[in-house]
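Have a look at the structure below, then the notes.
The values are calculated or read from the model by the stated rules, or taken from the named source; none is laboratory data. Bear in mind the structure is a predicted one, so any value in this text is a computation, not a measurement. Quick reminder, even Gly has a Cβ in these numbers, built from the backbone with ideal geometry, and neighbours come from all protein chains shown. Areas reflect the complete protein model, heavy atoms only, side chains present, ligands, DNA and RNA absent. Shrake-Rupley method; radii C 1.70, N 1.55, O 1.52, S 1.80 Å.
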Amino acid sequence: MNVTGRASYSESQLYVDGVTVSFDGFKALNNLSFVVEPGEMRAIIGPNGAGKTTMMDVITGKTKPDEGRVIFKGDIDLGKRDEAAVVALGIGRKFQRPSVFENHSVFDNLELAIKSDRSTFACLFDRLDADRKSKIESTLERIGLAGERDQMAGKLSHGQKQWLEIGMLLVQDPELLFLDEPVAGMTDAETEATVELLRDLRGERSIVVVEHDMAFVHALGVKVTVLHEGSVLAEGSMDQVQNDPHVIEVYLGR
Amino acid sequence: MSLLQRLYAPQAQEPGKGRLASAVLLSVLAAIAVLVPLLNLTVPADSAFHVPTYLVSLLGKYLCFAMLALSIDLIWGFCGILSLGHGAFFALGGYAMGMYMMRQIGDRGVYGNAELPDFMVFLNWKELPWYWYGFDFFPFAVVMALFVPGLLAFVFGWLTFRSRVSGVYLSIITQAMTYALMLAFFRNDMGFGGNNGLTDFKDLLGFDLQSDNTRAVLLAATCVALAGCYLMCRSIVASKLGRLITAIRDDEARVRFLGYRVENFKLFVFVLSAMIAGLAGALYVPQVGIINPGEFAPANSIEAVIWVAIGGRGTLYGAIAGGVLVNYAKTVLTGVIPEIWLFALGGMFIAVTLFFPKGLVGSLPAAVDWVKRRIGKRNPPASSSLAEEPGQ
Ligand SMILES: Nc1ncnc2c1ncn2[C@@H]1O[C@H](COP(=O)(O)OP(=O)(O)O)[C@@H](O)[C@H]1O
Ligand SMILES: [Mg+2]
């Protein structure tokens with residue numbers, strides 16, 4: 001299936017090539033293929049159970065694919081690498097359930113996340129330098145948590161935790177960013193603020209946003225890939241996919 | 001939450017209370033190191049202020065247990081790994097020191113053999129096994145007291161953390177580890193004195209172990225070592241590595257996706273913790289005069305975890321308080337009604353786990369507040385409310 005019509009994948013940011021993952025015979029991903037371009041923001045939508053989270057697990061090294069390959073930046077095969085190695089290559093991930101370190105302050109959460117030497121002894125003797133400190137401070141401004149700097153992350157509201165986790169990704173400075181349902185459980189106002197934040201990030205790096213909230217994806221206004229039963233059902237602008245008969249059937253026929 | 005779940009649930013303590021507690025702890029240790037030997041050595045035995053020698057050694061023993069508790073708190077309270085095998089590291093450190101003191105006996109043993117310890121003569125051994133080489137030399141024995149537990153922890157941790165064994169499974173394997181070592185050390189042909197272990201020590205670095213002076217110095221050395229280990233643990237938990245291991249405790253998967261190799265961090269803390277336990281064992285043996293395979297008993301490791309739970313895990317100083325207080329209670333209770341001790345310990349453990357998960361020191365601030373409120377009720381704060389209104 002040639003969904004993008006490109007002749008070469010060598011310049012792509014991410015190339016998912018015919019990935020299949022089975023859990024006890026059930027195919028959570030079924031010959032899934034798609035391409036993300038450098039600097040692109042992409043939305044991936046699909047009903048619950050479509051395989052969105054599993055797709056992320058495969059790309060970030062948590063789950064090994066049964067078949068197929070995941071190629072980063074044209075020639076790096078992610079299939080053989082573990083989580084830490086994938087992160088080191090410049091891929092960041094926000095989980096579906098907000099997962100911040102509740103017993104650490106907002107600032108410390110960012111300090112643990114910020115790009116730095118990840119080795120054990122480096123961490124033992126690490127002192128936060130001015131560069132990293134100012135980067136953390138500016139990220140705090142950007143995610144709207146400057147006022148909560150010293151608060152325990154566990155005390156934040158649900159929406160604030162989601163933003164903090166996005167901030168934790170930004171300070172890692174990844175080339176490719178995965179956000180799993182960033183607005184799940186957010187109020188309308190929080191969702192709007194998140195749309196603003198993501199729009200602001202556009203072009204800085206490649207971002208893949210996974211959502212099943214159609215209104216949110218519409219508001220983002222980016223290219224959309226629709227996932228269904230572990231493979232791509234449709235791809236294009238939001239208006240295109242919304243008028244696609246297959247998509248209408250899957251979303252309305254359920 | 002069930003009792004078991006509570007043991008594996010993180011128990012985060014309020015930050016910022018550490019400074020005062022550290023100051024108190026270090027002052028108390030300094031006072032013990034100086035005053036107890038003074039009151040033992042210089043005050044005449046008939047004075048009310050005299051501290052008898054048995055008490056000096058008893059205190060030293062408690063402080064060694066406190067150091068073991070400290071090592072468990074570092075790995076359990078901060079990194080979330082419930083080790084039920086730390087007694088093994090303690091015992092290995094103890095054996096290393098015991099081997100040195102066996103060599104110190106020289107030809108003063110029952111058989112008068114300068115080459116071999118008594119138990120080897122008894123077993124008809126002709127020469128010293130290779131793994132006893134070097135133990136004539138004190139610094140070597142000290143290094144081994146740290147290195148052997150560290151090495152065991154490294155091998156154990158390397159195998160388990162890399163295959164992502166955690167939680168109850170890991171705890172059970174640590175129990176199996178200490179049990180296996182106990183069986184091995186019970187065997188005569190292992191060359192560690194079998195059933196009887198190592199005992200009848202005469203002196204340490206040439207100083208008579210029975211003399212009051214030696215005992216006083218051992219107590220002071222234990223205080224210094226405990227204070228040093230405490231300060232080291234404090235600086236570790238205050239470092240970025242410390243924040244990282246608590247993050248691992250709270251959400252291991254998240255830490256992996258930040259790009260850290262979780263198993264390496266666990267391994268580092270586990271090895272360090274085992275070495276502290278080994279040092280505690282090395283200080284313990286000269287003060288109690290014996291080390292035998294019973295120290296590897298799985299129940300010993302569980303008991304040490306209970307001290308930490310009762311004292312308050314995740315604070316370091318709480319573990320030290322737990323190690324001392326619970327063992328003091330044990331001395332008192334077993335002196336009166338020995339049969340009741342295990343029930344009392346089990347009862348305290350369950351009560352603390354269910355009702356005071358922060359342990360004694362963690363619950364202290366709440367208790368102080370409660371007392372203050374009670375006092376406040378009795379004396380209505382009439383004067384203070386006036387003072388707060390400057391306009392009046
Ligand atoms: N570890 C697993 N074991 C068994 N089945 C799984 C596992 N992870 C996901 N699945 C199944 O795979 C399908 C896709 O799940 P998921 O990727 O979480 O979907 P989505 O994120 O799109 O809602 C679901 O039917 C789910 O039940
Ligand atoms: Mg999902």
Identify the single condition in (1) modelled with pLDDT under 90; (2) within 16 Å of ligand 1 (Cβ to nearest atom) that A:Arg81 does not satisfy, given that it satisfies every other one.
(2)
Could you run through the stretch A:97-126 and say how many residues are within 8 Å of chain B (Cβ to nearest Cβ), of a type in the set (Gly, Ala, Ser) and surrounded by fewer than 22 Cβ atoms within 10 Å (Cβ to Cβ)?
2
In the list A:Glu165, A:Glu175, A:Glu196, which residue meets the criterion of being away from ligand 1 (no atom under 16 Å from the Cβ), within 14 Å of chain B (Cβ to nearest Cβ), under 19 Å from A:Pro98 (Cβ atoms) and of a type in the set (Asp, Glu)?
A:Glu165
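Okay, residues lined up against (1) charged (D, E, K, R); (2) in contact with a His (Cβ under 8 Å, 6 or more places away or on another chain):
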| site | (1), (2) |
| --- | --- |
| A:Leu179 | no, no |
| A:Asp200 | yes, no |
| A:Glu204 | yes, no |
| A:Met214 | no, no |
| A:Val217 | no, no |
| A:Val232 | no, no |
| A:Met238 | no, yes |
| A:Asp244 | yes, no |
| A:Val250 | no, yes |
In the stretch A:138-156, is there at least one residue being under 23 Å from A:Thr60 (Cβ atoms), more than 12 Å from chain B (Cβ to nearest Cβ), open to solvent by less than 50 Å² (accessible area, probe 1.4 Å) and in contact (Cβ under 8 Å) with a residue 12 or more places away in the chain?
yes
Number of the exception - A:Val35 against (1) in a loop (DSSP other than H, G, I, E, B); (2) more than 14 Å from chain B (Cβ to nearest Cβ); (3) away from ligand 2 (no atom under 16 Å from the Cβ):
(1)
Criterion first (within 14 Å of another protein chain (Cβ to nearest Cβ), over 16 Å from the mean Cα position of the chain (by Cα) and open to solvent by 10 Å² or more (accessible area, probe 1.4 Å)) does B:Arg249 satisfy it?
yes
Considering residues of the stretch A:47-61 that are more than 10 Å from ligand 1 (Cβ to nearest atom) and not in a helix (DSSP H, G or I) only, the residue farthest from A:Gly92 (Cα to Cα):
A:Gly61
Can you find a residue that is open to solvent by less than 10 Å² (accessible area, probe 1.4 Å), in contact with a Ser or Thr (Cβ under 9 Å, 6 or more places away or on another chain), within 23 Å of A:Pro174 (Cα to Cα) and within 16 Å of ligand 2 (Cβ to nearest atom) anywhere in the stretch A:209-220?
yes
Could you please find all residues in the stretch B:208-235 being within 14 Å of chain A (Cβ to nearest Cβ) and open to solvent by 10 Å² or more (accessible area, probe 1.4 Å)?
B:Met232, B:Arg234, B:Ser235
Say whether the condition of being touching a helix residue (DSSP H, G or I) at 6+ places or on another chain (Cβ under 8 Å), under 21 Å from B:Ala225 (Cα atoms) and in a helix (DSSP H, G or I) is met by at least one residue in the stretch B:100-115.
yes
Single match in B:Leu20, B:Leu39 (criterion: over 30 Å from B:Phe78 (Cβ atoms), without any contact (Cβ under 8 Å) to a residue 40 or more places away in the chain and open to solvent by 50 Å² or more (accessible area, probe 1.4 Å))
B:Leu39
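Would you point out the residue of the stretch A:25-46, among those that are more than 23 Å from A:Gln242 (Cβ to Cβ) and within 13 Å of ligand 1 (Cβ to nearest atom), that is farthest from the chain's Cα centre (by Cα)?
This residue is A:Gly25.
A quick yes/no check of all residues on (1) under 23 Å from the mean Cα position of the chain (by Cα); (2) of a type in the set (A, V, I, L, M); (3) within 16 Å of ligand 1 (Cβ to nearest atom):
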position: A:Gln96; (1), (2), (3): yes, no, yes
position: A:Phe101; (1), (2), (3): yes, no, no
position: A:Ala113; (1), (2), (3): yes, yes, no
position: A:Phe121; (1), (2), (3): no, no, no
position: A:Glu141; (1), (2), (3): yes, no, no
Flag if B:Leu272 is of a type outside the set (D, E, K, R), open to solvent by 10 Å² or more (accessible area, probe 1.4 Å), within 20 Å of B:Val155 (Cα to Cα) and more than 14 Å from chain A (Cβ to nearest Cβ)
no
Given (1) in contact with a helix residue (DSSP H, G or I) (Cβ under 8 Å, 6 or more places away or on another chain); (2) open to solvent by 20 Å² or more (accessible area, probe 1.4 Å); (3) within 24 Å of A:Arg132 (Cβ to Cβ); (4) modelled with pLDDT under 90, A:Leu197 misses just (2)
What about B:Ile320, is it within 14 Å of chain A (Cβ to nearest Cβ), in contact (Cβ under 8 Å) with a residue 24 or more places away in the chain and either of a type in the set (Val, Ile, Thr) or touching a helix residue (DSSP H, G or I) at 6+ places or on another chain (Cβ under 7 Å) (or both)?
no
Any residue in the stretch A:77-96 that's more than 9 Å from chain B (Cβ to nearest Cβ) and more than 16 Å from A:Tyr15 (Cα to Cα): show its pairings with residues that are within 16 Å of ligand 2 (Cβ to nearest atom) and open to solvent by 40 Å² or more (accessible area, probe 1.4 Å) at Cβ separation under 7 Å, as long as the two are six or more apart or on different chains.
A:Gln96/A:Thr53
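Every residue, every condition in (1) touching a residue at least 12 places away in the same chain (Cβ under 8 Å); (2) open to solvent by 10 Å² or more (accessible area, probe 1.4 Å), yes or no:
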site	(1), (2)
B:Gly80	yes, yes
B:Gly85	yes, no
B:Leu92	yes, yes
B:Arg108	yes, yes
B:Gly112	no, yes
B:Phe122	no, yes
B:Gly134	no, yes
